[in-house]
1. May I ask you to list the residues in region 90-109 that are touching a helix residue (DSSP H, G or I) at 6+ places or on another chain (Cβ under 9 Å) and either outside the structural domain of Ser139 (by TED's automatic domain parsing) or loosely packed, with under 12 Cβ neighbours inside 10 Å (or both)?
2. Tell me which of these Ser60 doesn't satisfy, since it passes every other one: (1) surrounded by 10 or more Cβ atoms within 10 Å (Cβ to Cβ); (2) over 17 Å from Leu142 (Cβ atoms); (3) in contact (Cβ under 8 Å) with a residue 12 or more places away in the chain.
3. So which residues in region 48-81 are farther than 30 Å from Phe132 by Cα, within 25 Å of the chain's Cα centre (by Cα) and part of a loop (DSSP other than H, G, I, E, B), if there are any at all?
4. Condition test on Ala40, is it out of contact with any Ser or Thr (no Cβ under 7 Å at 6 or more places or on another chain), within 30 Å of Ser108 (Cβ to Cβ) and not hydroxyl-bearing (Ser, Thr, Tyr)?
5. Identify, from the list Ser114, Ser139, the residue that is in the same structural domain as Gly155 (by TED's automatic domain parsing), modelled with pLDDT of 85 or more and either of a type outside the set (A, V, I, L, M) or on the phi < 0 side of the Ramachandran plot (or both).
6. Out of Leu84, Leu158, Leu136, report the one residue that is surrounded by 15 or more Cβ atoms within 10 Å (Cβ to Cβ) and part of a strand (DSSP E or B).
7. Only one residue in Leu85, Leu136, Leu109 is free of Cβ contacts under 8 Å to residues at least 40 places away in the same chain and among the hydrophobic types (A, V, I, L, M, F, W, C), so which one is that?
8. Please specify each residue of region 112-170 satisfying the condition of being of a type in the set (D, E, K, R) and in contact with a Gly (Cβ under 6 Å, 6 or more places away or on another chain).
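The values are calculated or read from the model by the stated rules, or taken from the named source; none is laboratory data. Keep in mind that what you see is a predicted model, and the values were worked out from it rather than measured. Glycine gets a Cβ as well: all are built from the backbone with ideal geometry, and neighbour counts include every protein chain shown.
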Amino acid sequence: MNTIIPTVLIAVAIAGTFLYVIPEYKDLTAMRGERDNLSASVAKIKEVNEKYTQAKEWQSNIRQEDQKRLSEILPDEFDKVSFLLDLDTFAKKNAIIVGPVDITGPESLNNYVSYGVALSFDAPYSQNAMKFLAGLESSLTLFDVVDFRITNGEGSMLSYSIIFNTYAMK
């Protein structure tokens, strides 16, 4: 009888460990990992906010006369359909097949918005490819090139990849 009570208490303690303490410890470990992820996210958000503040400060330093000149150059809105039709016209004139065109945005800037455009095409290094690129360059759409790559394709073909930003007024 004297050994039954301590044995029962030890069994209850062991059962309590397996039924309560271990699951709670696993939950606590998962919450610590989640806390670490959230802390990293908060740090990233602070970094992005700092860059955003710097960009806003830079934009506010643009002179009014420069902003007026910019508003004369930029269209009131970016017409994706017209842009894609112009791009297709340039491509057809030069016998080039443009792959999928990815347009992202708008990203709001001070008095205007920015759209990201990514496109790629395969063509030999020829007058056609150069004319197509020259047509893009001389188009009425204002853009700045972010990335331009030429890699070897199949046979005599080269793979061209272009990423650029284009702009419109708000």
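1. Ile97
2. Against the list (1) surrounded by 10 or more Cβ atoms within 10 Å (Cβ to Cβ); (2) over 17 Å from Leu142 (Cβ atoms); (3) in contact (Cβ under 8 Å) with a residue 12 or more places away in the chain, Ser60 comes up short only on (1).
3. Once the filter is applied, which keeps residues that are farther than 30 Å from Phe132 by Cα, within 25 Å of the chain's Cα centre (by Cα) and part of a loop (DSSP other than H, G, I, E, B), region 48-81 yields nothing.
4. Against the criterion (out of contact with any Ser or Thr (no Cβ under 7 Å at 6 or more places or on another chain), within 30 Å of Ser108 (Cβ to Cβ) and not hydroxyl-bearing (Ser, Thr, Tyr)), Ala40 qualifies.
5. Sole residue among the options that is in the same structural domain as Gly155 (by TED's automatic domain parsing), modelled with pLDDT of 85 or more and either of a type outside the set (A, V, I, L, M) or on the phi < 0 side of the Ramachandran plot (or both): Ser114.
6. Leu158
7. None of the others qualify; the one that does is Leu85.
8. Matches in region 112-170: Asp122 only.
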